[in-house]
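Peer 1: This is the structure I want to talk about, given as structure tokens.
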Amino acid sequence: MGFAGVILSAGSSTRFGKEIEKQYLSISGKPILIYSVEIFESIPEIEEYYIVAKKEKFDYITKDILSHFSIPKFKGMIEGGRLRCNSVMNALHHITKNSKCGNILIHDSARPLITVDFVKEIIRCTEQYGACIPGLRVTDTIKEINDSEFIDGTPDRSRLFAVQTPQGFKLEKLYKAYLTGMAEGFEGTDDASYYEILGEKVKITQGKYSNIKITYPIDLEFAKLFLKEMDK
């Protein structure tokens with residue numbers, strides 16, 4: 001029951017404010033996308049992986065980026081959708097039909113600073129519990145607001161986590177969860193939220209502060225600092 005990996009790279013980077021999508025920029029001389037590719041390549045439990053992107057980016061990714069690296073586990077490009085959930089649905093449909101793997105890891109390419117040990121722990125946790133995602137306990141006080149942007153409540157932050165990727169699941173169950181959620185018009189922003197629709201339990205494992213999501217230009221500078229620390 002090996003793992004199939006999915007690297008989501010179809011985002012438009014509207015908050016990043018640059019002409020080129022952030023996942024194709026470089027950090028320390030290497031495209032952001034490749035950081036995730038190299039980690040997936042180096043983990044034995046990940047038997048294969050796919051990259052989800054806009055169709056018009058397929059040639060650019062395969063010829064200008066991937067062709068410069070060793071990628072024996074890479075099985076192909078999958079066309080992304082309008083939203084993240086549409087991209088994941090496309091990937092699940094393709095992998096369910098074409099892969100023999102029983103588990104799946106879904107990762108956002110905008111989180112380039114994952115490590116082998118970190119991903120292996122998520123794999124171990126997924127094998128043990130059936131579904132596992134990394135997260136960090138929220139340290140700020142969080143406020144809920146109403147439509148008029150007045151405070152509507154203050155949730156107990158001791159029970160709140162900021163979640164990350166990669167997220168691991170049983171492939172068949174996650175596919176069923178997405179089919180159910182999409183049929184109901186649910187547009188979740190992570191994969192565990194679909195799993196929850198089925199009433200399935202998802203285990204939280206410790207995330208990493210260095211596993212930042214590149215969202216704004218300043219995040220590139222933070223990523224460079226984390227890389228320097230990780231290289232020491």
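Taken together, the values in this text are just the output of simple stated rules run on the coordinates, not laboratory data. On a predicted model such as this, the values are computed, not experimentally measured, just so you know. A quick note on method: Cβ atoms are made from the backbone with ideal geometry, for glycine too, and the neighbour counts reach across all protein chains shown.
Peer 1: Rounded to the nearest 20 Debye, what is the dipole magnitude of the chain about its Cα centre when Lys and Arg each give +1 and Asp and Glu each give -1 at the C-beta?
Peer 2: Dipole magnitude for the chain comes out near 420 debye.
Peer 1: With the cut-off at 1.5 for a/c, could you classify region 95-232 from its C-alpha gyration tensor as rounded, prolate or oblate?
Peer 2: Note, shape of region 95-232 comes out oblate.
Peer 1: Along Cα→Cβ, 7 Å out, is where each label goes; now give me the distance between the ones at Ile197 and Gln128 in nm to one decimal.
Peer 2: Simple spin-label model gives 2.9 nm for this pair.
Peer 1: Work from the charge dipole of the chain (Cβ charges, +1 for Lys and Arg, -1 for Asp and Glu, about the Cα centre) and give the residue of Tyr49, Ser70, Asn90 farthest towards its positive end.
Peer 2: It is Ser70, whose Cα lies furthest towards the positive end.
Peer 1: Can you put Met1, Met77 in order of Cβ neighbours within 10 angstrom, beginning with the fewest?
Peer 2: On the way: Met1 11, Met77 19.
If I rank by nearby Cβ atoms, fewest first, I get Met1, Met77.
Peer 1: Antiparallel versus total DSSP beta bridges in the chain: what percent is that, nearest 5?
Peer 2: 40
Peer 1: Also: Taking DSSP loops as anything outside H, G, I, E and B, show the longest stretch in the chain free of GluC sites (Glu not before Pro) there with at most 10 other beta carbons within 10 Å.
Peer 2: 20-148
Peer 1: Here is a further query. By count of other Cβ within 10 Å, fewest leading, how are Phe74, Phe58 ordered?
Peer 2: Placing the least packed residue first, the sequence is Phe58, Phe74.
Peer 1: Quick one: which residues, 5+ away or cross-chain, put their amide H under 5 Å from the amide H of Leu25? H built at 1.01 Å from N.
Peer 2: Long-range HN contacts for Leu25: Ile32.
Peer 1: Just in region 170-220: which trypsin sites (Lys or Arg not before Pro) are loop by DSSP and have at most 12 other Cβ atoms within 10 Å?
Peer 2: Here the trypsin sites (Lys or Arg not before Pro) that fit, given the DSSP loop and packing criteria, are Lys201.
Peer 1: Looking only at Leu160, Leu92, Leu113, which one moves most when the chain is put into a Gaussian network model with springs between Cα atoms under 10 Å?
Peer 2: Among Leu160, Leu92, Leu113, the largest GNM mean-square fluctuation belongs to Leu160.
Peer 1: Also, I was wondering about something else. Here are a few candidate values for Cα extents along the principal axes in Å: [x] 51, 39, 35; [y] 56, 38, 27; [z] 60, 47, 34. Which one was actually calculated from the structure I just gave you?
Peer 2: [x]
Peer 1: Separate question: For each cysteine in the chain, check whether another cysteine's C-beta sits under 4.7 Å from its C-beta; list those where none does.
Peer 2: So, Cys85, Cys101.
Peer 1: Also: Is the shape of region 158-229 best called rounded, prolate or oblate, per the rule: a/c under 1.5 gives rounded, else a/b larger than b/c gives prolate, else oblate, with a ≥ b ≥ c the square roots of the Cα gyration tensor eigenvalues?
Peer 2: Note, shape of region 158-229 comes out prolate.
Peer 1: Now a separate question. Pick out which of His93, His68, His107 has the largest mean-square fluctuation in a Gaussian network model of the chain, springs linking Cα atoms closer than 10 Å.
Peer 2: Among His93, His68, His107, the largest mean-square fluctuation in the Gaussian network model of the chain belongs to His68.
Peer 1: Still on this model: Which of rounded, prolate, oblate describes region 1-97, given a ≥ b ≥ c as roots of the alpha-carbon gyration tensor eigenvalues and a/c under 1.5 marking rounded, otherwise prolate only if a/b is larger than b/c?
Peer 2: Details: a/c = 1.85, a/b = 1.17, b/c = 1.59.
Since a/c reaches 1.5 but b/c is at least a/b, the shape of region 1-97 is classed as oblate.
Peer 1: In addition: Among Tyr194, Tyr129, Tyr175, which one shows the highest mean-square fluctuation when the chain is modelled as a Gaussian network with alpha-carbon springs under 10 Å?
Peer 2: Maximum fluctuation in the GNM of the chain, among the listed residues, is at Tyr129.
Peer 1: Pull up all non-local amide H partners of Phe161: gap of 5 or more, or a different chain, and H-to-H distance under 5 Å with H placed in the peptide plane.
Peer 2: Val138
Peer 1: Here is a follow-up. Could you work out how far the C-alpha centroid of region 163-232 sits from that of region 44-78, in angstrom?
Peer 2: 20
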